[in-house]
Amino acid sequence: MALIEVKDAIKTYQTGEDSFNALNCVSLSVEEGEFVAIMGASGSGKSTFMNMLGTLDKPNSGSYYLDGIDMLNLTPNEVAEIRNVKMGFVFQGFNLIARTTALENVELPMIYKGIPEEERIERAKAALKIVGLEAREDHMPNQMSGGQQQRVAIARAIINDPPLILADEPTGNLDTKTSIEVMEFFVKLNEKTGKTIILVTHEPDIAEYCKRVVRFKDGNIISDEINKNRKLCG
């Protein structure tokens, strides 16, 4: 069974008297352990599709199953619970809380899950060690580089051990060298833990790290290809 199964998803937006389909009967399956790049120009539908996968938006019609669960027929509380258990999010802007330490930022998803403080701290320290930031536990976001902040965000995304990581332009605010470091970490994360990663990017050199590349245009998937020339960790 696929981890993600989207069938015939249509998302329509109204602008005044006009309407347009941001997603036009889109279907996509993603198996466990895949590393998928979603590409496309601005307005292609890739961000709308990603928002739907992250349950931040719903299609007007169609279906979306995550790990066999019908995500479009749940209560808001049920959606929030599944999101916290089965999804980890990494954003272009890092989305760290400015006045809390790296350790406290990583703890947050566990607080929502009701995990006791002692266990939270232990697990957060372990996650920061995984991303190479064990020496930065007590640093605030403004005391870290962009690459370090993004690694804190990755540690936060994996802290509840979700099967799915959704990364929206995760290298968009990073320089080339740091972007490579972040992408090499995603490759290792995918290969060592088997986590499914879906990454939105408009940069071809970033997509080259992914195993599969899906391209959107005008609300449609125009290509879906295995990346035969994939970059591996240096």
Using a/c under 1.5 as the rounded threshold, could you call segment 78-153 rounded, prolate or oblate? The axes a ≥ b ≥ c are square roots of the C-alpha gyration tensor eigenvalues, and prolate needs a/b larger than b/c, oblate otherwise.
-> oblate
With a Förster radius of 25 Å, plug the Cβ-Cβ distance of Lys217 and Glu32 into 1/(1 + (r/R0)^6) and report the FRET value to the nearest 0.05.
-> 0.35
Label-to-label distance, nm, for residues given as Val79 and Lys58 (7 Å Cα→Cβ offset) | 0.6 nm
Leaving out same-chain residues fewer than 8 places away, which lysines sit with a Cα under 29 Å from that of Lys192?
-> Lys46, Lys86, Lys113, Lys125, Lys129, Lys177, Lys211, Lys228, Lys231
Using Cα atoms only, what is the angle between the long axis of helix 76-86 and the major principal axis of the chain, expressed in degrees (0 to 90) to the nearest 10?
-> 60 degrees
Residue among Ile222, Ile180, Ile165 with the largest mean-square fluctuation in a Gaussian network model of the chain, springs linking Cα atoms under 10 Å | Ile222
DSSP bridge pairs, the chain: antiparallel proportion in percent, nearest 5 | 55 percent
Want the number for Asp175 to Phe20: 0.36 nm per residue separation, take away the alpha-carbon distance, what's left?
-> 52.3 nm
Quantify, in whole percent, the carbon and sulfur part of the accessible surface of segment 122-210 (1.4 Å probe; protein heavy atoms only).
-> 46 percent
What accessible area per residue comes out for the chain, rounded to a whole number of Å², with a 1.4 Å probe?
-> 49 Å²
So, with a 1.4 angstrom probe, what is the percent of accessible area on segment 1-61 that is carbon and sulfur?
-> 45 percent
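The values are calculated or read from the model by the stated rules, or taken from the named source; none is laboratory data. Because the structure is predicted, anything quoted here is derived from the model rather than measured. Note: ideal-geometry Cβ built from the backbone for every residue, glycine included; neighbour counts use all protein chains shown. In case anyone asks, the SASA skips ligands and DNA or RNA and just uses the protein heavy atoms, side chains included. Shrake-Rupley method; radii C 1.70, N 1.55, O 1.52, S 1.80 Å.
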